[in-house]
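Participant: Sharing a structure below in structure tokens format, with a few things to ask.
The values are calculated or read from the model by the stated rules, or taken from the named source; none is laboratory data. Since the model is a prediction, treat every value here as computed from it, not as a measurement. Positions of Cβ are generated from backbone atoms using ideal geometry, with glycine treated the same way; all protein chains shown enter the neighbour counts.
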Amino acid sequence: MSCMKKGYGVALAVIALLFALNVPSGAAVSEEAVRRAWADVSKIAGMDPLPLSIENNKAPNAWVTAGKSVTITTGLMDLLQREEEIFGVLSHEAGHAKLKHYESAVKSTVGVGIASLILNKVLGGGAVGEIAVGVGSNLAVAGYSREHEVEADDFAVDLAFKGGHDPTGIYTALERLSLHGGKLQPSGFNSHPPDERRLLHVKNRILARNPNIQFPKGK
């Protein structure tokens, strides 16, 4: 090989390396994909699409506000790598709205508040009574939230099957979130179930519907 050919080969290798370094390893989910997924989720769930907004925030998150609107952050869009994952996340949020979790949480909180006042009087008030009531209230409300999260996860799995989507989307989305944010330590004050238990529950629900489902490898 001549010097010219060697130089040409090296130049091509350098260009290829520079190109590779500038190409993201995982494609972010676009706004178009998010809105398309939300329209699909709403249609399959049989609900009027709630207003959806995208918040410019690096923290990966999505939530329903008072059962009236849905928000997703750009951080979550950057973290997820498959449209089926965004479908799974939005299905989870649709589950909160469809199952009226906000209304249930409000009733639960009011009930806990009344019970706390009664308990405080029974304990004679004071610092000890306030601490006992506070701990009991936090545990009750947190436990209720965990129940809602499990119900919303189940809703997302079932909606994927109903609409002919890949049900592993919600699983790999939760897996990415777990790896990004670290493990949730089991505690009565956590509103979400511990990551490992939550992922296992979702996986088992998927396999119960279809034992032959193949879960994507890699994170």
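Participant: Could you list all residues from the stretch 151-182 that are assigned to a helix (DSSP H, G or I), over 11 Å from the mean Cα position of the chain (by Cα), modelled with pLDDT of 90 or more and not aromatic (Phe, Trp, Tyr)? It would help to see each step written out before you state the result.
Facilitator: Pass one, the stretch 151-182, residues assigned to a helix (DSSP H, G or I): 151-163, 168-181.
After this cut, where a residue has to be over 11 Å from the mean Cα position of the chain (by Cα) as well, the list is 151, 154-155, 157-163, 168, 179-181.
The next check asks that each one be modelled with pLDDT of 90 or more; those that pass are 151, 154-155, 157-163, 168.
Across the stretch 151-182, the qualifying residues are Glu151, Asp154, Val157, Asp158, Leu159, Ala160, Lys162, Gly163, Thr168.
Participant: Of all residues being part of a helix (DSSP H, G or I) and among the aliphatic types (A, V, I, L, M) in the stretch 29-54, which is surrounded by the fewest Cβ atoms within 10 Å (Cβ to Cβ)? Just the residue, please. I'd like the intermediate steps shown before the answer.
Facilitator: To start, the set of residues in the stretch 29-54 that are part of a helix (DSSP H, G or I) comprises 31-45.
From what is left, the residues that are among the aliphatic types (A, V, I, L, M) are 33-34, 37, 39, 41, 44-45.
Numbers: Ala33: 17, Val34: 24, Ala37: 24, Ala39: 13, Val41: 29, Ile44: 17, Ala45: 20.
Applying the filter and picking the extreme gives Ala39.
Participant: Among the residues of the stretch 55-71, write down those that are surrounded by 16 or more Cβ atoms within 10 Å (Cβ to Cβ), at pLDDT 90 or above, not in a loop (DSSP other than H, G, I, E, B) and not hydroxyl-bearing (Ser, Thr, Tyr).
Facilitator: Ala62, Val70 - these are the residues of the stretch 55-71 that are surrounded by 16 or more Cβ atoms within 10 Å (Cβ to Cβ), at pLDDT 90 or above, not in a loop (DSSP other than H, G, I, E, B) and not hydroxyl-bearing (Ser, Thr, Tyr).
Rundown of residues vs (1) at pLDDT 95 or above; (2) within 24 Å of Thr172 (Cβ to Cβ); (3) touching a Ser or Thr at 6+ places or on another chain (Cβ under 8 Å), yes/no style:
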site: Met1; (1), (2), (3): no, no, no
site: Lys5; (1), (2), (3): no, no, no
site: Ala11; (1), (2), (3): no, no, no
site: Leu21; (1), (2), (3): no, no, no
site: Pro24; (1), (2), (3): no, yes, no
site: Ala27; (1), (2), (3): no, yes, no
site: Ser30; (1), (2), (3): no, yes, no
site: Ala39; (1), (2), (3): yes, yes, no
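Participant: Of the residues Lys107, Lys203, which single one is at pLDDT 50 or above, over 19 Å from the mean Cα position of the chain (by Cα) and part of a helix (DSSP H, G or I)?
Facilitator: Lys107
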